[in-house]
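Report on the structure given below.
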Amino acid sequence: MGYRWPMDSPRERACPSCGAPAAGPQRWCLECGHELPGPRRSALRPVVGIATTLAVLVGAASAGGYTLLRHEKPLPSPAQTVAQAPPATTAPGGLPPASESPAPGSTPYVPSTTPGSGLTGSTPTYHLGAPSPPRHRSTTSTHPSGRSSDGSLQPTTETTPTTTTPTTPQLALTDVALGAAAVVYAPYAPADADLGDPSLTVDGSTATAWTAPALGAASAHPQLGVYVDLADKQKIHTLVLHTPTPGMNVEIYGATSGPPSAITDPGWHHLASRAHVKAKTSVRLPNRAYRYVLVWIVGAPANGAQAAISELSLLSLQPE
């Protein structure tokens with residue numbers, strides 16, 4: 001067994017009440033139960049600890065300041081916490097988010113390029129305003145018009161109106177006399193005279209013909225003819241006369257109302273005269289509108305035959 005120093009032995013104490021001995025760590029007296037006083041501590045211990053801590057802090061601060069002054073760096077400012085607003089959410093295409101869309105009934109967003117806004121190229125900006133008037137051209141454009149329940153933009157295809165120039169209808173020469181009413185005009189004939197069938201002149205066939213009846217002496221000039229009632233006024237471009245008795249003489253008249261009761265009535269407008277007509281004769285008429293067109297026979301053929309008309313055509317420009 002090694003040698004133990006006297007400091008290693010427990011220090012004995014005595015009870016201040018009864019004087020009984022007590023061991024070092026003993027707190028209560030075993031004889032009388034009185035509380036024993038604790039071991040005394042040196043009063044310098046706390047002072048030495050505080051002084052040591054202050055010396056360490058002063059040294060650390062001095063070292064830090066020396067380091068900062070040596071490198072000529074300013075002292076860092078204390079950290080500050082700045083509240084930042086969350087970044088704005090931009091919908092596809094650069095439009096404002098759904099929460100910023102205009103309320104129903106307000107003016108919608110209209111894309112436009114603002115001069116001097118700092119934007120480059122044709123980057124559109126969006127502002128509140130009335131939409132521009134439609135352009136008169138044939139184009140189809142797609143633009144956002146609303147949002148669905150999930151907040152996505154719903155495109156709408158819109159076709160702008162077009163301005164077209166109305167086309168001029170195509171006109172063609174049409175026989176307006178075909179199937180119209182044809183009447184024998186014989187103001188000087190007896191009331192019981194057989195005037196024949198004038199409808200044969202507008203039946204569309206040259207194989208049939210109306211023949212003028214013999215009225216008076218054979219040497220007398222015929223005083224009759226056939227007129228076509230068009231039911232309303234028409235501008236006649238050309239009259240075409242077919243006859244099986246060429247060589248006769250005719251005059252052409254037009255009237256807007258009536259028909260006039262006599263050939264000398266001023267209601268008849270003289271349009272043209274033809275002598276010694278051929279089997280087919282075309283007569284260009286003035287550009288005036290008439291309801292009645294009359295072929296008045298003023299001379300029989302040279303061979304003495306009765307004048308006849310197989311077809312009477314009145315050509316007018318009509319839409320195809």
Criterion violated by His269 - all others in (1) surrounded by fewer than 19 Cβ atoms within 10 Å (Cβ to Cβ); (2) modelled with pLDDT under 95; (3) more than 21 Å from Leu171 (Cβ to Cβ); (4) not small (Gly, Ala, Ser) satisfied: (2)
Options Leu239, Leu178; residue that is loosely packed, with under 15 Cβ neighbours inside 10 Å, out of contact with any Phe, Trp or Tyr (no Cβ under 8 Å at 6 or more places or on another chain), at pLDDT below 95 and within 24 Å of Glu320 (Cβ to Cβ): Leu178
Residues located in segment 187-212, provided they are farther than 30 Å from Leu317 by Cα and surrounded by 15 or more Cβ atoms within 10 Å (Cβ to Cβ): Ala189, Leu195, Gly196, Ala212
Positions within segment 272-291 being in contact with a Pro (Cβ under 6 Å, 6 or more places away or on another chain) and within 20 Å of Val183 (Cα to Cα), in sequence order: none
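The values are calculated or read from the model by the stated rules, or taken from the named source; none is laboratory data. Predicted, not measured: the structure shown is a model, and the values here were computed from it. Here Cβ is always computed from backbone atoms with ideal geometry, including for glycine, and neighbour counts include all displayed protein chains.
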